[in-house]
Amino acid sequence: MQQTEHYSVLLAETLEWMNLHPEGVYLDATTGLGGHTAAMAGRLTSGTVIACDRDAQSLEMARARIETCGWLGRVKFQQTRFTGLTETIKKTGLSPVNGLVADLGISRMQLTTPERGFSIQHDGFLDMRMSQDDEEGITAADIVNTWKEREIADLIYELAEERRSYRIAKALVRARPIRTTKQLAEVVAGPAGFRAKIHPATKTFMALRMKVNDELGEVQALLDQIPDLVKPGGRAVIITFHSLEDRLVKQGFQRWAKEGRAKILTKHVVTPSSREVAENAASRSAKLRAMELI
Ligand SMILES: C[S@@+](CC[C@H](N)C(=O)[O-])C[C@H]1O[C@@H](n2cnc3c(N)ncnc32)[C@H](O)[C@@H]1O
């Protein structure tokens, strides 16, 4: 079952910090279901949004949404992950762009589609690859079934600050083979113990997802490319949901500011209003940072 309701996190704030020009070319590096892309396209006249995502299924759904809005002529879709952005954008002949947005993490569609293997609630093969075309990439099943107990413990401690990482890793190794999300959730729930607000396996699922998709490495690659992607005077707006990612973004922006390549616009991180959090609880950990290229 998929949740059809779609919220784009910090949408009004993103548009404000992007400072769009109707004739500009903008890059949405994480199109997802196209919420930010559609909102940007709606503000353009002769401008273009280059809508990228590593996930082909998301891009298809975004395309359908943009078509319904009647803005297909303003959007170019490209399947790529951050590591390939500069090359992909160069090929469109539209680089460098006037601004870039990235709304990190996974979408609710990915999270709630059982076959994608991210869901604690719905059973499916333990996949967790954001791009299922990525045949060489590892799956979460590969990690839980082949890594050493110590390596699994370190992974879930480092990426998710799971205090019971050793007990969980031990239980996982003992329960091998683990093939499905439900099986993983049940095995982890024992040693992880009861937690009032979140499912006891939430942290383990998050750490596995981050490793499978090399999410921190990808964010670093995105940050490194910003001056090649965005013109002087253009802006980069990045939304994170994880403290390690936010730290990378903060440090990445500081690096470009120190090198005289950019000016940081958000002295303090921008967070969702209490109204947004009430409407969409998943937005509660979102943090937005913006910088302008010089
Ligand atoms: C939170 S969703 C974006 C939602 C979107 N802003 C919207 O309003 O519909 C994050 C998206 O980023 C994509 N993504 C995450 N890491 C990526 C990467 N390294 N390269 C390309 N896309 C990535 C995911 O596949 C997912 O579709």
Report summary line: With criteria (1) in contact with a His (Cβ under 8 Å, 6 or more places away or on another chain); (2) closer than 24 Å to Met130 by Cα; (3) in contact (Cβ under 8 Å) with a residue 60 or more places away in the chain, Asn98 comes up short on (2)
Query raised in the report: Restricting to helices (runs of 4 or more DSSP H) lying wholly in segment 1-119: which have 3 or more residues that are at pLDDT 95 or above?
Result: 11-18, 35-41, 56-69, 85-92
Report task. Give just the number: which of (1) within 15 Å of the ligand (Cβ to nearest atom); (2) not in a helix (DSSP H, G or I) does Ile198 not satisfy? Result -> (1)
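Listed here are the residues, each with its yes/no results for (1) in contact with a Cys (Cβ under 8 Å, 6 or more places away or on another chain); (2) of a type in the set (Gly, Ala, Ser); (3) near the ligand (Cβ under 8 Å from one of its atoms); (4) within 20 Å of Ile238 (Cβ to Cβ).
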residue	(1), (2), (3), (4)
Ser8	no, yes, yes, yes
Trp17	no, no, no, yes
Glu23	no, no, no, no
Gly47	no, yes, no, no
Arg63	no, no, no, no
Query raised in the report: In segment 110-121, is there at least one residue being more than 13 Å from the ligand (Cβ to nearest atom), surrounded by 22 or more Cβ atoms within 10 Å (Cβ to Cβ) and either within 27 Å of Asp246 (Cβ to Cβ) or touching a residue at least 12 places away in the same chain (Cβ under 8 Å) (or both)?
Result: yes
Query raised in the report: within 10 Å of the ligand (Cβ to nearest atom), under 18 Å from Val237 (Cβ atoms), touching a residue at least 40 places away in the same chain (Cβ under 8 Å) and of a type in the set (A, V, I, L, M, F, W, C), is that true of Ala38?
Result: no
Report task. State all residues of segment 147-179 that are crowded, with 16+ Cβ neighbours inside 10 Å, acidic (Asp, Glu) and in a helix (DSSP H, G or I); if no residue qualifies, say none. Result -> Asp154
Requested in this report: Would you mind stating whether Leu288 is crowded, with 20+ Cβ neighbours inside 10 Å, under 22 Å from Met206 (Cα atoms) and touching a strand residue (DSSP E or B) at 6+ places or on another chain (Cβ under 8 Å)?
Outcome: yes
Report task. Select from segment 45-95 the residues that are acidic (Asp, Glu) and in contact (Cβ under 8 Å) with a residue 24 or more places away in the chain and write down the one among them that is farthest from Arg129 (Cα to Cα). Result -> Asp53
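The values are calculated or read from the model by the stated rules, or taken from the named source; none is laboratory data. Model, not experiment: these values are computed from the prediction. As a convention, Cβ positions derive from the backbone with ideal geometry for all residues, glycine included, and neighbour counts pool all protein chains shown.
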